[in-house]
Amino acid sequence: MKIKHVLHVVGQSGAYNKDLAAMRAGATPDGFIYVGTPVTPGFRQIVQPGAAVSIMLVLDDDQVAYGDGTDVIFSGAAGRDVLFQPDEHRAFLTEKLPAWLIGRDVSRFRRLAEELDARHHNGKPLHTALRYGISQAVLHAASLAQREPMARLVAREYGSELASAPLPILVSASTNDWKQLDQRILKRADLLPHSSFTHVERDVGLRGEKLLEYARRVVARVAQIGQPGYRPTIHLDVYGTLGELFHNDIDAIAAYLGDLKGAVGPHALMVEAPVIMQTRQAQIEIYQALCAALGRTGSGTQVIVDEWCNTLDDVKAFANAGAGHLLQIKMPDLGGINNAIEAVLYARRKGLGVSLGGSLNETDQSSRITAHIGLACQPTYLFAKPSAGGDAGHMIQMNEMLRTLALLQIT
């Protein structure tokens, strides 16, 4: 099966881009936006609508494969690619990409995806958002050509074992939006609330008291309205604020994470990005030290690596160093989804947990494809996307996994 036409449209992503540097520097919240001057290159304002490019590959039997390219909410932060601005890539999408792809055979995914991911344009690698969308379309095309679910194709080409049940899903609830939290509890989200704590004084408290109280309130609400036996993992994303609060004092951070585990009681606790350093090596070293300190305290709190773990090479570096308990595979940051697949499998071989995530800024199509990759590679959990609403992303991924598992039994 070969590609006959290559089309693209610029559309909407599931969320927004936010200038994390400006937010952490003290920009003033004003409703959903922030008042202040952008700091990160490319931003026109601190919060602005995201963008997506949908790649469409028309095959020679007139089937159409789709892939959506987006970046993450906090573009340009901690080593990530710059803000994705589709207009900057119009010439490539209109002229160069069709020249690369028309007439190419799509019966195998991995070889073509790796070739495209490694290509350069104007002397530079393609933006990660473009590689993300193009590789999704190639995987979808290969599955159409082979007439098999994407999950099975990935498992076959990478030698992995397919999951036999849906994977756990982390579902977000906006900080202090208690109605959203109720919705997550009623839907029995496996992990919640993934609330964001980006500013020490406002979100965490100068003694850490605000975050502790928030955690207590979350588990109290789970006990109050959750179904009997429902005990979700509590997941909190703190964007380096614990490092700021405790001046990167490892023992102090570990002690506080022990207090936070006490606040959630019998629930498992995962804390994402407790510290953000200025380089990858510094990030690796501080997470090695923090994991060792947590091991000494025996609190059971698990640390999730996010910032500076952006590429396949980064994932391998953190995994080889044992820096963190789980690695966040933020899929758009890795470019081609072939890299995300390899990253999950590599981290698992090294004995680390894996969050196969991405961004609320993604789309329905990238969310479905993530579900297939999850079934093929079996990370610890998926991240519900797109959109901050939570219900839509949860529904898209769970239903895609359930449908695929049913099909796998008869194909």
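Overview of values
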| read-out | value |
| --- | --- |
| Whole-number percent relative contact order across segment 329-374, with pairs defined as alpha carbons under 8 Å at least 6 apart | 43 |
| Geometric extent, Cα atoms of segment 169-408 - Rg, Dmax (angstrom) | 17.0, 52 |
| Residues Cys377, Cys309, Cys291 arranged by fewest to most Cβ contacts within 10 Å | Cys291, Cys377, Cys309 |
| Which of Arg108, Arg24, Arg131 has the fewest Cβ neighbours within 10 Å, and the rest in rising order | Arg108, Arg24, Arg131 |
| Principal semi-axes in Å for segment 3-148 [√(5λ), Cα gyration tensor, largest first] | 34, 15, 12 |
| Segment 141-223: trypsin sites (Lys or Arg not before Pro) in DSSP loop, at most 10 other beta carbons within 10 Å | Arg147, Arg207 |
| Area projected by the alpha carbon convex hull of segment 196-255, averaged over all directions, nm² | 4.5 |
| Calculated P(r) of segment 102-189 - Cα pairs past 21 Å, % | 54 |
| Rounded Å value of the spacing that divides the Cα centres of segment 284-323 and segment 71-145 | 30 |
| Rel. contact order, % - alpha carbon contacts under 8 angstrom, at least six apart, the chain | 19 |
| Geometric extent, Cα atoms of segment 284-343 - Rg, Dmax (angstrom) | 12.3, 39 |
| Calculated from backbone phi, Karplus (6.51, -1.76, 1.60) coupling profile of segment 264-280 in Hz, x at Gly/Pro | 9, x, x, 6, 5, 10, 10, 10, 9, 6, x, 9, 10, 9, 8, 9, 4 |
| Long-range HN-HN contacts of Ser196 with modeled amide H, under 5 Å | Thr175 |
| Under 5 Å, built H, 5+ apart or other chain: amide partners of Gly67 | Ile55, Ala137 |
| Residue-by-residue Karplus 3J(HN,Hα) for segment 163-177, coefficients 6.51, -1.76, 1.60, Hz, glycine and proline x | 5, 10, 8, x, 7, x, 10, 8, 10, 7, 9, 4, 3, 6, 9 |
| Unit Cα scatterers, Debye sum, the chain: log10 I(q)/I(0) for q = 0.06, 0.09 Å⁻¹ | -0.23, -0.52 |
| Alpha carbon centroid spacing (whole Å) that separates segment 377-411 from segment 249-273 | 29 |
| Hz values of 3J(HN,Hα) by residue in segment 231-241 - Karplus curve (6.51, -1.76, 1.60), Gly and Pro given as x | 9, x, 6, 8, 10, 10, 10, 10, 6, x, 5 |
| For the chain, built as a Gaussian network whose Cα springs stay under 10 Å, the top-fluctuating residue of Thr363, Thr94, Thr175 | Thr94 |
| Under-5 Å amide H pairs with Phe74, H placed in peptide plane, nonlocal only | Lys18 |
| Choice from Pro41, Pro49, Pro86 showing the highest fluctuation, given a GNM over the chain with Cα pairs closer than 10 Å | Pro41 |
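Each reported figure results from applying straightforward, stated rules to the coordinates on display, with no laboratory input. What you see is a predicted model; the values in this text were computed from it and never measured. Cβ sites come from the backbone with ideal geometry, for glycine too, and all protein chains shown count toward neighbours.
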